[in-house]
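What follows is a set of notes on a single structure, which appears directly below.
Please treat every number below as a calculation from the coordinates, not as lab data. As the structure is a prediction and not an experimental result, all values here were calculated from the model. As a convention, Cβ positions derive from the backbone with ideal geometry for all residues, glycine included, and neighbour counts pool all protein chains shown.
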Amino acid sequence: MGEFRKPRIVRGRGVLGDIVEPGKDALVCTVPEAWEIVSGQVPGWKPAVHEIGSMELSDLERIEKQLPACDIVYGIGGGRAIDTAKFVAWKRGCEYVSFPTIISVDAFITDAVGVRKDGNVTYVGSVWPGILAVDYGVIQKAPKRFNRAGCGDLLSIHTAMFDWRLAARAGRAGYDEAIAGRAQECLRKIIEAAAEIKNVSDRGIDALVDCCCDEVEFCVQLGGARPEEGSEHLFAYNYELITGRKVLHCELVGVGIYAMSVVQNNAPEEIARIMDACGLAFRPGDNDITFDEVRETLKTLNTYIIKSESFYSILNEVEISGAMIESIIKGLKA
Ligand SMILES: [Zn+2]
């Protein structure tokens, strides 16, 4: 992680017109569905347009060399379009504008350039957006479920903070009171905005974007993700390992938040109520995850954290029992 550089955030409807600088040679990395919605915002603007494809590092290296020269790169779309733009900007050392059309993943505000190596996600560089465009009308065109998912990596503060404090008490992690306070404040703001997030209203989008910015900032200051990454993420990583499946990250993390709050004995009913209020599809059946997969993930979780040498969490102190698993399944069905 580099030093945090807060982007200029431009909000509204039809915001592309407010940020395009006609004198600059622009390259847009996008997908056809996103470009179709956004391109009409600036009549007469003719940037070079790259329809993104493979995220494999070797492919991206080759593609970047073939793309036209530019002064500025726009990432317009979901996580892959933005990561492709980041990759080009990082390679070329040029400016980059982040224009998410969906906010289910936080790639739009983080600096890490996410690519794939033999199919696995890896991070190859760091580049901060100069401008973050938040176009409510464009974001609201995406299915609500995907934007609502944006709260998963923020609500994870509930279980992650528990694990961080636990690790600090066990002498297994440093602790920062001021940053812990900021994380709790972030969580409070998301809970307060739950109904707006469920509706994907302008205010709901603002809450997600602003809290994501805060979270990235304090994690960079801390030099680690402990305030938002705890055992709920270990659950998600183990799920991906044993099923070999990729599902929407934040919904998977949502299952993990509920399951680990039970293991932590950390207000599971309350956090379930909050996730329902935000419209986060954390219940199997509403997402692409099955109850059998959840059972299997939980059964193997204590072994997973030892094998993978994971950071210290509740899973180092509590063995997940069969009764616990059935209680989690029951709660997920409620
Ligand atoms: Zn996450």
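Quick one: net charge around Gly77, please, counting Lys, Arg +1 and Asp, Glu -1 for every other residue with C-beta under 13 Å from its C-beta.
Numbers: positive: Arg80, Lys86, Lys141; negative: Glu33, Glu36, Glu51, Asp83, Asp135.
Net of charged neighbours comes to -2.
Just to confirm the filter: which chymotrypsin sites (Phe, Trp or Tyr not before Pro) across the range 91-181 are DSSP coil and have at most 13 other Cβ within 10 angstrom of their Cβ? Kindly include the intermediate steps, with their values, before the conclusion.
Numbers: sites: Tyr96, Phe108, Tyr123, Tyr136, Phe146, Phe162, Trp164, Tyr175; in loops: Tyr175.
Of the chymotrypsin sites (Phe, Trp or Tyr not before Pro), the ones in loops of the range 91-181 whose Cβ has at most 13 other Cβ atoms within 10 Å are Tyr175.
Kindly flag which residue pairs out of Lys189/Lys333; Lys86/Lys333; Lys198/Lys299 have an alpha-carbon separation exceeding 29 Å in this structure.
Values: Lys189/Lys333 27 Å; Lys86/Lys333 40 Å; Lys198/Lys299 32 Å.
Lys86/Lys333; Lys198/Lys299, as the Cα separations exceed 29 Å there.
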Q.
With only alpha-carbon atoms in the gyration tensor, what are the semi-axes of the equivalent ellipsoid for the range 180-253, in Å, largest first?
A. 24, 18, 10
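Check each of the trypsin sites (Lys or Arg not before Pro) in the range 200-269 and keep only those in coil by DSSP with at most 15 other C-beta atoms within 10 angstrom; list them in order.
Numbers: sites: Arg203, Arg245, Lys246; in loops: Arg245, Lys246.
When the trypsin sites (Lys or Arg not before Pro) of the range 200-269 are filtered for loop state and at most 15 Cβ neighbours within 10 Å, Arg245, Lys246 remain.
Determine the calculated [θ] at 222 nm for the chain from helices alone, applying -39500 (n - 2.57) to every DSSP H run no shorter than 4 residues and normalising by the residue count; nearest 500 deg cm²/dmol. The partial results should precede the final answer.
Values: 17 runs with 171 residues, N = 334.
About -15000 deg cm²/dmol.
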**Q.** In the range 1-98, the trypsin sites (Lys or Arg not before Pro) that fall in loop regions by DSSP, at most 15 other Cβ within 10 Å
**A.** Arg5, Arg13, Lys24
Q: Would you mind pulling out the separation of the Cα centroids of the range 105-181 and the range 295-311, in Å?
A: 22
Q: Using only Cα atoms, figure out Rg for the chain and give it as a multiple of 2.2 N^0.38 Å.
A: 1.00
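Would you mind working out the magnitude of the charge dipole of the chain relative to its Cα centre, with +1 at each Lys and Arg C-beta and -1 at each Asp and Glu C-beta, to the nearest 20 Debye? Please list the in-between numbers first.
Numbers: 37 positive and 48 negative charges, 45 e Å.
With Lys and Arg at +1 and Asp and Glu at -1, about 220 debye.
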